[in-house]
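The values are calculated or read from the model by the stated rules, or taken from the named source; none is laboratory data. Everything quoted here is computed from the prediction, not taken from an experiment. Neighbour counts are summed over all protein chains in view; Cβ atoms, including those assigned to glycine, are modelled from backbone coordinates with ideal geometry. All accessible areas refer to the heavy atoms of the entire protein, side chains included, with ligands and DNA or RNA removed. Shrake-Rupley method; radii C 1.70, N 1.55, O 1.52, S 1.80 Å.
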Amino acid sequence: MPEGSGPPQAPERAAIDPCLITAEALVRYYRRRILSPTEVARAVLARIERLNPALNAIITLDPARALEAARASEARWAAGCPLSPLDGVPLTVKDNIPVAGLRCTWGSTTHRDFVSVRDELPVARLRAAGAVILGKTNVPEFTLEGYTSNALFGPTGNPWNPALTPGGSSGGAVAAVAAGLGPIAIGTDGGGSIRRPASHTGLVGMKPTPGRVPRADGLPPILLDLEVIGPIARSVGDAAILLSVMAPPDPVRDPASRGLPPFMPPEGMPRLRIRYVPRFGDHPVDPGIAASVATAAQRLSALGHAVEEGPPPFDLDEILPLFGAIGGAGLAWLLSTLPGNPDPRSPNLRAMAEAGRAMPAGALMAALDTMAAFRRSMAAFLTTECDAILTPSAAALPWPAGEAHPPMIDGQPVGPRGHAVFTNFANLGGLPALALPCDPVDGLPCGFQLVGPPGSDAVLMSVGAEYEQAHPWAERWPSLA
């Protein structure tokens, strides 16, 4: 009898909630005909109907096409010819990544009526792999803030406490996965926008090396290659599968994908030299987060990695302004291409746009030149001095959902990026970074990140999988009504 044939195994099926298992487990159940893609899609859509109103994670749902894709996947599984390890797996897409036939608002009133004509390349690859695209997830305006709210849809809540933010800008994406509204999601990370929200919701999030996930047919690149598309999942295994489907190079449509090493697990388990950086200078860190990340560093050492505490290999106060310069110039340019050169609704973004409009061309070129030098120095440091840098993913625990940023951390006043000090350097350095959960603090998730040299995405995933096996977290679920 062919694999996958025979009657469904009803007794085992009764014990499974298809919304509360990983993508890898779903595929195992599809193969054994314990679950079907259609019943899983229906279960997830029912859960979205029940839970999403309180969270506001998914702002555009596509149930008819999702069920159509699930039925097609079910036929393939019945015939024993699935398209990929993601065939029939439900997922969501962040609302700054175009999906054909769906609106793509970018969190802005300027794009409220924009409907994508085609899929952005990673979405096209996921669709061709048989994934079931559920809809689009909420973002802050132009995905340039560290929480998730906008004038079109309002704030997104954190499943661990809906009164708090899941962070941003991939806040809707992480809220969906953390709440069981699909086991996986794709988001974008231009300054930590996958890693910090993953930390705030107890998930795995990956910022790949620029070019690792080829891009084409997307929105204007206002953050240049600082912004990349990456996976969000409950487990490292799910994140690795999702990334592998999106990762094959396309040198014609995205020349940045040419020349990277293949995304393949390394032979044997790597033992890394890890620089543990618990804080950046005088920038404050929540004490609970600091203690939890210190425990994670000790656990990595116990697994055989050479973990040594030390300072960051750069001056943060020289690096941080580069993100503002590039982001301000990119936002000002984008607005100049729109009818009437509109102002953003967010006060923080209005100030960013004004600074971008006033910036001399020479200042932007100087910032780009400094960033290029920073990339060279970081690549050298992560080759000669160590193999990875370990830091907290975020400096603060989640704060109220309607506020753009926490005003205080550990009793010290901070500005709009005070909670985000640990993540920008990986984007500016062109480095891959993997965010992993560590022990919760006061009932709220938090996490740490491992940042490696360019092209080391698979090595980071392998170390993350080893850590997860020793200290699992996938069964931590928020209490949702």
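Details
- The requirement of being more than 20 Å from residue 147 (Cβ to Cβ) and either β-branched (Val, Ile, Thr) or open to solvent by 30 Å² or more (accessible area, probe 1.4 Å) (or both) is satisfied by residue 459.
- Exactly one residue among 316, 260, 303, 272 is under 30 Å from residue 415 (Cα atoms) and not basic (Lys, Arg), and that residue is 316.
- Counted as qualifying within region 17-123 are the helices (runs of 4 or more DSSP H) with 2 or more residues that are under 23 Å from the mean Cα position of the chain (by Cα), namely 23-31, 37-55.
- Remark: residue 267 falls outside the filter, which requires a residue to be surrounded by fewer than 23 Cβ atoms within 10 Å (Cβ to Cβ) and modelled with pLDDT of 95 or more.
- Within region 420-432, the set of residues being of a type in the set (S, T, N, Q) and either outside any loop (DSSP other than H, G, I, E, B) or touching a Pro at 6+ places or on another chain (Cβ under 8 Å) (or both) comprises 424, 427.
- For region 345-383, the set of residues classified as in a loop (DSSP other than H, G, I, E, B), touching a residue at least 12 places away in the same chain (Cβ under 8 Å) and either among the hydrophobic types (A, V, I, L, M, F, W, C) or loosely packed, with under 13 Cβ neighbours inside 10 Å (or both) consists of 359 only.
- Pick from region 291-336, criterion among the aliphatic types (A, V, I, L, M) and touching a strand residue (DSSP E or B) at 6+ places or on another chain (Cβ under 7 Å), ranking: surrounded by the most Cβ atoms within 10 Å (Cβ to Cβ): 293
- Restricting region 433-481 to residues that are part of a loop (DSSP other than H, G, I, E, B) and among the hydroxyl-bearing types (Ser, Thr, Tyr), the residue that is modelled with the highest pLDDT is 456.
- For the residues 133, 186, the requirement of being open to solvent by 10 Å² or more (accessible area, probe 1.4 Å) and of a type in the set (Val, Ile, Thr) singles out 133.
- Residue within region 432-448 that is farther than 22 Å from residue 277 by Cβ, in contact with a His (Cβ under 8 Å, 6 or more places away or on another chain) and either surrounded by fewer than 24 Cβ atoms within 10 Å (Cβ to Cβ) or β-branched (Val, Ile, Thr) (or both) present: yes
- A Cβ distance below 6 Å, combined with a sequence gap of six or more or placement on separate chains, defines the contacts here; from region 323-344, residues that are without any contact (Cβ under 8 Å) to a residue 60 or more places away in the chain reach residues that are among the charged types (D, E, K, R) and assigned to a helix (DSSP H, G or I) in the pairs 332/357; 343/350.
- Among (1) without any contact (Cβ under 8 Å) to a residue 60 or more places away in the chain; (2) more than 27 Å from residue 370 (Cα to Cα); (3) assigned to a loop (DSSP other than H, G, I, E, B), the one test that residue 294 misses: (3)
- Total residues in region 189-217, condition of a type outside the set (S, T, N, Q), open to solvent by less than 10 Å² (accessible area, probe 1.4 Å) and either at pLDDT below 95 or within 20 Å of residue 17 (Cβ to Cβ) (or both): 1
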